[in-house]
Amino acid sequence: MPQHILISNINENPVVCFNTGLDPRSFARTKMSQSLIEKGYIVNPDGTHDVWISAGVDEVDGFMRVWGPLFQAKRFDLFFEDIDSPNHPKMQIALQALIIWIKAKIALGETRSAFNPGAAFISKDRRVFFAPEHLANRCLYVEGFKLDRNNCPDLVGMDAAAFCAGVMLYKILTGLHPYPSKEIYQDMREGIFLPVHLASPNLNDRLSTLIKEAFLLPVETKKPNKNGITIMKEILEILSGKEAIFKPLPPEKIKNLEKERKNFLFKQNSYVKTKRFVLRNIIPIVLAVFLIAFIAFIFITSMKGKITTEGLAPEEVVSVYYEAFSELNDQMMKACLQGDGRKGAGKRDMEAAGILLVISRQREYYERRNESHLVTAQVWRDQGGELPSPSAFGVTNLEIERLSKNTDGSSINNDIIVFRAKYSLWSPTDSYEIKRNDVLMLKRDRHDNWRIIDIVREER
């Protein structure tokens, strides 16, 4: 299976590339354009970290590829993928990689970073690159990783990191995966796994307990007293210290534990199968619920005089959209947006413009004025007014950058064009500016007019 996260060349410069395996239309439909502003992190051995952000997107062999600054390293999951026994020669190397990964997670703290081991990379100088999570997970999915078998979807923050560390440590030290069944996430939620002391009888008792506590973090009825950060620090203390990971056991003790293991697996499998049969077949019949939904849409529009983006170049559509937003022109905004573009950030823009327009009209009515009390922020500034102002709304300092280009400056195809828009937003309801960084995707509609189909926003 070819890797979809790799090092390649862009304009004769080596970069990290993420091949999404999506054609341009699918790239737009699945909202993968958000990956252009998604952050990755590079954690240094001293605990400091740098932010990694993609530099561009292009099309290669029909597939969309996101690329960014170079980081030469080995993918973390490859350190322990072949380990199938506690005595495997790669065990010590894998443990050292895990120590580096845990230290990096602790250094980042609650800053969200990718948990999937396939989305982390460890360099020879002990730096760790956590790739942008959504983007990396998409590439891993294309590679064949349909499930993230190392993380519980119910956990976040340091609890999620501790759980992942426990799974990887279990795999390295026992040669087994703690959740081998197809119902992996249900097993995680219910705490169904072979206890560590039965998977590896001679494992350090304290380390066995910590791994078990990590596995119980998502189990509502059995949550441990320790949180994720405490569990990780104690695991790190054992792995980095002089305490022995394995302890000697007499043959008779090992033989008895092997019998206990067989009995445990038999009883657990019988219990789990019976319980889940009842939940899936008996209870749904007794507690069957029928949901009927009826949604009606009525479109009453007149084609005559309809506002469109006819004749506008892609850059002009982007510029007109923000101009219409500043002028509270919801009809022009709707004309610039299409499909999914009217959801998310586009929907919030239209709602904000609509609310301000209603407030302005009401104020005009009560004050018996024939003109709006609001003026666009750019006009207010051009007239010498100071911002912020209770009479000004809209966008200033607009910078539009075209991202989807080949080396000759042409668009990557005739269907999809990607722009980045940076600007400041001023509102009469706020006493400060809001800085925004939008990534917009445009394509032609059935009338051959350019329209915005997606807006991914980052603001502060």
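The values are calculated or read from the model by the stated rules, or taken from the named source; none is laboratory data. Model, not experiment: these values are computed from the prediction. A quick note on method: Cβ atoms are made from the backbone with ideal geometry, for glycine too, and the neighbour counts reach across all protein chains shown.
Points to keep in mind about this one:
- Boolean, residue 367 is modelled with pLDDT of 90 or more and either under 27 Å from residue 451 (Cβ atoms) or out of contact with any His (no Cβ under 6 Å at 6 or more places or on another chain) (or both): no
- Scanning the stretch 89-108 for residues that are in contact (Cβ under 8 Å) with a residue 60 or more places away in the chain and over 14 Å from residue 73 (Cβ atoms) yields 91, 94, 95, 98, 99, 102, 103, 105, 106, 107, 108.
- The condition of being in a loop (DSSP other than H, G, I, E, B) and either at pLDDT 95 or above or within 26 Å of residue 105 (Cα to Cα) (or both) holds for only one of 234, 243, that being 243.
- From the options 448, 415, residue that is acidic (Asp, Glu), over 17 Å from residue 319 (Cβ atoms), modelled with pLDDT under 90 and not in a strand (DSSP E or B): 415
- Residue in the stretch 211-221 that is touching a Leu at 6+ places or on another chain (Cβ under 7 Å), within 20 Å of residue 91 (Cβ to Cβ) and not in a helix (DSSP H, G or I) present: no
- Subset tally (residues that are outside the structural domain of residue 378 (by TED's automatic domain parsing), surrounded by fewer than 18 Cβ atoms within 10 Å (Cβ to Cβ) and of a type in the set (S, T, N, Q)) for the stretch 304-350: 1
- Residue in the stretch 66-85 that is of a type in the set (Asp, Glu) and closer than 18 Å to residue 124 by Cβ present: yes
- Residue check for residue 185: modelled with pLDDT under 95, crowded, with 19+ Cβ neighbours inside 10 Å, hydroxyl-bearing (Ser, Thr, Tyr) and closer than 26 Å to residue 157 by Cα: no
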